[in-house]
Amino acid sequence: MSFRALALALGAALALLLAPQTLAASARPLTLTQALASALAANPRLTAAERDIGMAGGRRLQADALPNPNLSLDVENVAGTTSYQGLDLAETTLQISQLVELGGKREARIAATSAGASVARWEREAIRLQVFAETTAAFIAVLSAQRRLDVLQAQVDAIERLAPLLQTRVQAGASSAAEVSRARVASDLARVDLEKAKGLLATARRELALLMGLPEAKFGPATGNLHKVNAPPPLQSLLRDAQGNPQLTRFTAIKAQRSAELSGAHAKAVPDVTLGVGYRHYSETADSGMVFSLSVPLPVFDQNQGNILEARESLRRAEAEEAIARSALISQLGRAYDTLKAAHAEIGLLRASTIPGARNAFEGIETGYSEGRYTLLELLDAQSILTDTALRELDALVAFHTALATLEGLTGRPVSFSKGKTK
C-alpha cells in the first residue's frame, strides 16, 4: 500500500469519528421507550409507593368507622353472707352503651386520612418522575459509552494500520527508531483508553439494567440519536412548568392533612358522651325495669393542650418544608438549565469552528505527508486532535441530554424548545 493510499484510509477512518452514532445490527436493540416502560413497571420504589397508597386507603376506611357499642352484664348482691349467699336477692343488669363523639372528631379524622391518601398519590407521582429522569440519564450514559467505544476503537485501528508503514520507513532510513517507539506508545495509550471505555460501557449497561428491574444487562445495544440538539427555551417558562411538580403540589395535601390533624386535636378537647340503656331484673321480687346511663369525662386536668400545640407546629413545619422544597427545586432546575445552555453553546462552537478546523488541519497534514512535508508522527498528532474533538463533542452532547432529562423530570413534561435551527 502506498503512503498516499494509507493516508486516505486513515482519513476515512477518522471521518467516522465525527459521524452520527451508528450501532451494529442486533436482534433486540433497546430503545428509550422500552427502557422507561420496563423501569416504571419494575422499580421497587414505585411498588412501595403503591403500597403506601393502599395503606392510606386503609386508614381512610378505618377513620370512617364508628366506635363499637359496649355490652355489659352486672350481677349484684351475690356471694355474700347470710341472705345474700345465693341468687335469691340478686339484681342482674344487662346494658348496652355507645360512645358518641362530639366536637367534630370523626369529621377531622376523615379529613386528615383523606388528605393523607392524596399525599401518597402525589408522592407516587414524584417518584415516577424521578424514575423517568434517572432511567433516561442511565440510557444516555449507555448511548454515550457505546459511542465513545466506537471513537476509540477507530483510533486504535487507525494507529495499527500506520505501524507497518512506519516500520518500513525506518528500515528505509526515512524515519528514526524513535518514531517507532512514539507510535507504539500512542498505540498503547489508545488501547488503555479503549479498555477503560469497555469498562464504562459495562458499568453503564449494568446500572441501566438495575433500573429496568433486570438482574443482568442482556438487552442489545441502546439505540437513539444523541446528535440532535435544540436551542434551550427561556428559563422562566421552565420555572412556571416546575410549579406543577409533585414535589411541590403534594404540600397542598400535606397542609390540608396537618390542618385536619389540628382540628382533630382541638376536637379531642371536647368531652365525648357515653349513652347506655339496659334491662335490670330483681330476683327477690321477680320485678324488672329499664336502666339509662350517661357519662361524660370532666376535662379538668387534660384539655389536650400539648397535642394541639404539636399539631399547630406540625402545620407550620409543613409550610416551612414547602418553602425549602421550592427553593431546592428552583436551584436544581437552574443548575440543569445552565448546564443545558452551556452544552448547547459548546456544541455550536465545536460544530461551527473546532471540528471543521481539526478536520481541515488533518486533511492539510495528510496532503503534506503524502508530499513528504510532514512526518508520520505529525499525522498521528493531527489524528489525536481530531479524536479529542469528537470526544469533546460527545461529552457536551451527554451533558445536554442529561440536563434535558433532569429538566423534564422537574417539570413533568417534555421541554418545549425555542423556535430556531436544530443542530
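Coordinate-derived values only; no laboratory data. All values derive from a computational prediction rather than experimental measurement. Using ideal geometry, Cβ is built from the backbone for each residue, glycine included, and neighbour counts are taken over all protein chains shown.
Exposed loop sites were defined as chymotrypsin sites (Phe, Trp or Tyr not before Pro) in DSSP loop states (anything but H, G, I, E or B) carrying at most 14 other C-beta atoms within 10 Å; in the chain the longest segment without such a site runs 1-300.
Shape of the range 300-421 from its Cα gyration tensor (a ≥ b ≥ c, root eigenvalues): rounded if a/c is under 1.5, otherwise prolate when a/b > b/c, or oblate?
Cα axes put the range 300-421 in the prolate bin.
Note on THR354 and ALA286: the extension gain reaches 13.3 nm, defined as 0.36 nm multiplied by sequence separation minus the Cα-Cα distance. Simple spin-label estimate for GLN332 and GLN236 gives 2.5 nm between the two label positions (7 Å along the Cα-to-Cβ direction from each Cα). Excluding same-chain neighbours fewer than eight residues apart, the aspartates and glutamates reachable from LYS218 by a Cα-Cα span under 13 Å are GLU207. Relative to the longest principal axis of the Cα atoms of the chain, helix 355-370 runs at roughly 30 degrees. Relative contact order of the chain, taken over Cα pairs closer than 8 Å and 6 or more residues apart, is 26 percent. Figure legend: label point modelled 7 angstrom from the Cα of ALA325 along Cα→Cβ; residues of the range 94-117 with amide N under 19 Å from it are 112-117.
Compute the Cα gyration tensor for the range 158-313, then decide on rounded, prolate or oblate, letting a ≥ b ≥ c be the square roots of its eigenvalues: rounded whenever a/c is under 1.5, prolate when a/b is larger than b/c in the other cases, and oblate in all that remain. In terms of gyration-tensor shape, prolate.
For the chain, modelled as a GNM whose springs connect Cα atoms under 10 angstrom apart, the maximal fluctuation among GLY306, GLY57, GLY357 occurs at GLY306. Add -39500 (n - 2.57) for each DSSP H run of 4 or more in the chain, then divide by its residues: what number comes out at 222 nm, to the nearest 500 deg cm²/dmol? After summing the helix terms and dividing by residue count, I get -23000 deg cm²/dmol.
Using C-alpha pairs below 8 Å separated by at least 6 residues, the relative contact order for the range 275-423 is 22 percent. The aspartates and glutamates whose alpha-carbon is closer than 17 Å to the alpha-carbon of LYS341, local same-chain residues fewer than 8 away aside, are GLU393, ASP395, GLU408. Our estimate of slack between ALA79 and SER314, defined as 0.36 nm per intervening residue step minus the Cα-Cα distance, is 79.1 nm. Across all C-alpha atoms in the chain, the radius of gyration and Dmax reach 38.1, 138 Å.
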